[in-house]
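Comments concern the structure below.
Taken together, the values in this text are just the output of simple stated rules run on the coordinates, not laboratory data. Computed from a prediction, not measured in an experiment: that's the story for all the values here. Heads up, the Cβs are rebuilt from the backbone with ideal geometry, glycines too, and the neighbour counts pull from every protein chain shown.
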Amino acid sequence: MRKSKWLVFLMAVILCMVSVSAAFAKVPPLEEDETDAMEQRICKLLQNEGYKTDYWKDVRSINIRYMDDYYHITLETKKGKNYGADVSPKGAVLSLASNAGTEGSPEENPKLDKDTMKKIQDKVDSFLKEVNPDLLEKIGKLKVQKSLTDGDTVYVEVVDSNKKVFFELKIEPTVQLVVYTQRKK
């Protein structure tokens, strides 16, 4: 009789510990269909930016890691290109990046023409509207803080005056996202 009470007590303690540790877990585990949907969404976002990341044709592997308060996704294509993304438990994309390095001659505080700045503003607005609409309302005026020129290709680093977002964009006939990060302010 004494041993069974002791066993019941231990089982109760273990049950409490399991439920308490689950309560402290910040990122809930994903079901298989949720994982698939998140992976396909990231592939589609990258495709919209001009990258060859078709979920069924181009992707070699996708991994999702559970961080304290977001999911970190890494993607590798069959051609060896790597991409990364961070997604909040509510589905907001916190960062998205192509791991293609940018090279060129740097220019601090460049002055871009109004048409190029309009293209950049439109790209930022449309991208944030799709991935994190709440953040779109919180960002300030965009400023190009640095550019790199490599022949005809220009890369720019863009921040907003409220320090909410950072973008690295490739400027061509169209503006292509290279890196997007939501800042922690």
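Spin-label model, R65/K79: points 7 Å from Cα along the beta carbon direction are separated by 2.6 nm.
Report the per residue volume, in Å³, of the convex hull enclosing the C-alpha atoms of the range 135-185. Intermediate values should be presented prior to the final figure.
Numbers: hull volume 3.8 nm³, N = 51.
Convex hull volume per residue, Cα atoms: 75 Å³.
Under the combined filter of DSSP loop state and at most 10 neighbouring Cβ atoms within 10 Å, the range 72-161 retains these trypsin sites (Lys or Arg not before Pro): K79, K90, K111, K141.
Jot down the per residue volume, in cubic angstrom and as a whole number, of the convex hull over the alpha-carbon atoms of the range 53-175. Kindly include the intermediate steps, with their values, before the conclusion.
Numbers: hull volume 16.5 nm³, N = 123.
Given the Cα convex hull of the range 53-175, per-residue volume reads 134 Å³.
For the range 34-61, backbone nitrogen atoms closer than 20 Å to the point 7 Å from A92 Cα along Cα-to-C-beta are found at 38-39, 41-42, 45-46.
Loop-only check: which GluC sites (Glu not before Pro) in the range 62-126 are DSSP coil with at most 13 other Cβ within 10 angstrom?
Numbers: sites: E76, E103, E107, E108; in loops: E103.
Here the GluC sites (Glu not before Pro) that fit, given the DSSP loop and packing criteria, are E103.
The length gained by stretching the chain between H72 and Q121 to full extension, at 0.36 nm per residue less their Cα-Cα distance, is 15.0 nm.
Chymotrypsin sites (Phe, Trp or Tyr not before Pro), restricted to the range 52-105: which are DSSP loop and have at most 11 other Cβ atoms within 10 Å? Write down the numbers at each step before the final one.
Numbers: sites: Y55, W56, Y66, Y70, Y71, Y83; in loops: Y55, W56, Y70.
Passing both the DSSP loop test and the Cβ count: W56.
Ranking V156, Q145, T74 by Cα position along the charge dipole of the range 39-166, where only Lys, Arg, Asp and Glu carry charges on their C-beta atoms, puts T74 farthest toward the positive end. Between D33 and K143, the FRET efficiency estimated from the beta carbon spacing at R0 = 41 angstrom works out to 0.50. Set the Förster distance to 22 Å, then compute FRET efficiency between K52 and N99 from the Cβ-Cβ distance, nearest 0.05. Computed FRET efficiency for K52 and N99: 0.95.
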